[in-house]
Amino acid sequence: MKTSSPNLYSIKEKLEELKSNFEDYEYYIPHLWLDETSNTSNPVKINPVEYFLDKIEKILEISKHYKKSKFHLEDSIIYNSFVRLNTAFDYTQFSANQEQKDYPFRFSGSFLKTIALIPYYKSLGVDFLYLLPITKIGIAGRKGNMGSPYAIQNHFEFDENLSEPFLDLPVDVQFAALVEACHLAGIKVVLEFVLRTASLDSDLIPEHPDWFYWIKSNNDGAFYPPSFEDDVIAALKENIERKDFTDLPSPSEDYRSKFMSPPDKIIKRGDSYIGLYPDGTEGIVPNAFADWPPDDNQPLWSDVTYFKMFSHPDYNYMAYNTIRMYDDELNQKKYANTELWEYLENVVPNYIDKFGIDGIMLDMGHALPDLLLKRIIGRIRAKKPDFLLFEENFNISEESKLIGYDAVVGYMPFDMHRPEKLYEIFKRYEAKDFPINFFGTAENHNTPRAASRFNDMNYSKMTYLINCLFPAITFIHNGFELGEVKPVNTGLDFTDEEIEEYKPEELPLFSYSELNWLNKENIIDYIREVNLLKETSDLSKLKIEKTEEGLKIMNEDYFFFLKNNSVKFFL
């Protein structure tokens, strides 16, 4: 087993070396991490090195009894972890915002701390550990004090903040050990990748300026998307609905004139790259924005930019018809930015070869050019035929299956709290109208937390029961089981007031934050109880009725009443 898990054993040996060095350190963890059956709300003081060693031993013990069985995706449970958030904690019990320079452990989450949580994940019945992006994060335009994991500076390097410096082992060794530990415990590892954007200070900019768009640097402040008249937007939406991408309207000449050809020379000024032109003009790579629909009101994406997927003199600008809804004239093989495409095709195979990952979530895969997407999926399937492909698509359609995906995110996080929409979901199930697997969940990292919907954990209980018994992949977003109410990001399904309430300095996607691991009113035991039902029951034993009180959802043991503004739970 040592030869099959060399990186995990390297960490084990390093911890054994360091064991006596950290006996006197103040190190506290939630009691739940020490004992998965605990329900105490008090943190417990431990010897950190002994703790990590004990957890590795427990994983090795689990591996002795783990029996590989036939795999059914629709019966699986996914745990979605944002690594730096998932195991962030005030380990000194003073203040994580006042880290001591001589304190050798990170307060934010890390790969090593995630390894230590594997027995906890197993206690929840987890089959997949799905990690939000873990790659190197850019600095230019950074939001919050840690930056967004979606602002990728280098697709082949890890975020160093996910390592534990006291180990004195490379971050890639620490990640490899996490994959090995998961596999020993019978858990597959899925990574999320972003392949159509990069950080504003991407390592690729000086080497490949032609892979990016450029604008004159005298542009004042942030770069804004093009504007279109209301009647043009209405017509555009009709065209796209019909999948008609012929002669799509371009932005104004004034907007297009801001864009330039790639520069001859690039220098670094502060955190940003500056392009120098022979006439003395300076250029910069512009920030990105929500690309569809053209009247989307999302805040600017100040820390990322779009890759330039095609090279065509008439389409040298960022707009809906060059970065997502590609115009037919542009979307041709002869205009493909060939070297960029080859680079993007190699990203996932690299992680398969080096780390043996089992699947990916492709962020906005449907926004990549069709030709490129086919090439990416083709390379992956040739490398590992049973590799799992999840798509960030909220539609549940045959199209995703035909493209080659195994599952999509689906729309349940947006509809489960609305009685009439939930009823429609059940009716769609009865009509056998789900052509591809999807995630059964009431929340993800971009939506409001389930526990915040009615300020009531009964809603979380109800949705978990439904999603376990529904023909979907049960999905637990880290913090769901704890009753966490603070969103990770305000990306989808938030009101303008909610977006205004949560600034990047407060949102975990951009800044240091902790989950509520000490919340005694969690639903961890309930999740374990429902998981047992999942093994012995099915949706035929879950009934839904419309009543005067709202929707009545029941099985042999539980029933709920869901209204527009509340949910009641009964045994």
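What follows is calculated from the coordinates using simple rules that are stated; it is not laboratory data. Remember, predicted model here, so these are calculated numbers, not experimental data. Methodologically, a virtual Cβ is constructed for each residue, glycine included, from the backbone with ideal geometry; neighbour enumeration extends over all protein chains shown.
For the stretch 486-526 versus the stretch 389-406, the inter-centroid distance based on Cα atoms is 28 Å.
Pairs of alpha-carbon atoms within less than 8 angstrom and 6+ residues apart define the contacts here; what relative contact order does the chain have, in percent?
With pairs under 8 Å counted, the relative contact order is 14 percent.
Taking a ≥ b ≥ c as the square roots of the eigenvalues of the Cα gyration tensor, an a/c ratio of 1.5 or more together with a/b no larger than b/c marks the stretch 411-536 as oblate. Percent antiparallel among DSSP beta bridges with both residues in the chain, to the nearest 5? Given both bridge residues lie in the chain, the antiparallel proportion sits at roughly 55 percent. According to the square roots a ≥ b ≥ c of the eigenvalues of the Cα gyration tensor, what is the shape class of the stretch 308-439, taking rounded for a/c under 1.5, prolate for a/b larger than b/c otherwise, and oblate for the remainder? Oblate, because a/c is 1.5 or more while a/b does not exceed b/c.
Partner aspartates and glutamates whose Cα lies under 12 Å from the Cα of LYS383, excluding those fewer than 8 positions away in the same chain, are identified as GLU345, ASP353, ASP358.
Under a 5 Å amide H cut-off, with hydrogens placed 1.01 Å from N, ILE476 pairs with ILE78, TYR79, ASN80 among residues at least 5 apart or on other chains.
A straight Cα-to-Cα reach below 18 Å connects LYS12 with the aspartates and glutamates GLU23, GLU50, ASP54, GLU57, GLU61, GLU164, ASP168, ASP172, GLU180, residues fewer than 8 places away in its own chain not being considered. Among the listed pairs LYS67/LYS122; LYS421/LYS552; LYS265/LYS334; LYS308/LYS334; LYS243/LYS334; LYS19/LYS113, those with a Cα-Cα distance over 19 Å are LYS265/LYS334; LYS243/LYS334. For LYS486, the aspartates and glutamates whose Cα falls under 19 Å of its own Cα, not counting residues fewer than eight places away in the same chain, are ASP90, GLU443, ASP456, ASP496, GLU497, GLU498, GLU500, GLU501, GLU505, GLU506, GLU514, GLU521.
Volume per residue for the stretch 293-380 equals 124 cubic angstrom (convex hull of Cα atoms). How charged is the neighbourhood of LEU562? Take every other residue with its Cβ under 14 Å from the Cβ of LEU562, and add Lys/Arg as +1 and Asp/Glu as -1. Computed value for this residue: +2. Under a model in which nothing but the beta-carbon of Lys, Arg (+1) and Asp, Glu (-1) is charged, the stretch 209-327 shows a dipole of about 560 debye around its Cα centre. Using a cut-off of 27 Å between Cα atoms, the listed pairs LYS58/LYS354; LYS68/LYS136; LYS432/LYS546; LYS136/LYS534 include LYS68/LYS136; LYS136/LYS534 as exceeding that distance. From most to least packed by mean Cβ count within 10 Å, the peptides 57-64, 443-450, 79-86, 204-211 give 79-86, 443-450, 204-211, 57-64. What is the distance in Å between the Cα centroid of the stretch 147-191 and that of the stretch 272-336? The stretch 147-191 and the stretch 272-336 have Cα centres spaced 31 Å from each other.
Evaluating 6.51 cos²θ - 1.76 cosθ + 1.60 at θ = phi - 60° for every residue in the stretch 448-454, the Karplus couplings come out as x, 5, 4, 5, 8, 4, 10 Hz, glycine and proline recorded as x. In terms of the Cα gyration tensor, with a ≥ b ≥ c the square roots of its eigenvalues, is the chain rounded because a/c is under 1.5, prolate because a/b exceeds b/c, or oblate? It comes out oblate by the Cα gyration axes.
Using just its DSSP H runs of length 4 or more, each adding -39500 (n - 2.57), the chain gives a mean residue ellipticity at 222 nm of -8500 deg cm²/dmol after division by all residues.
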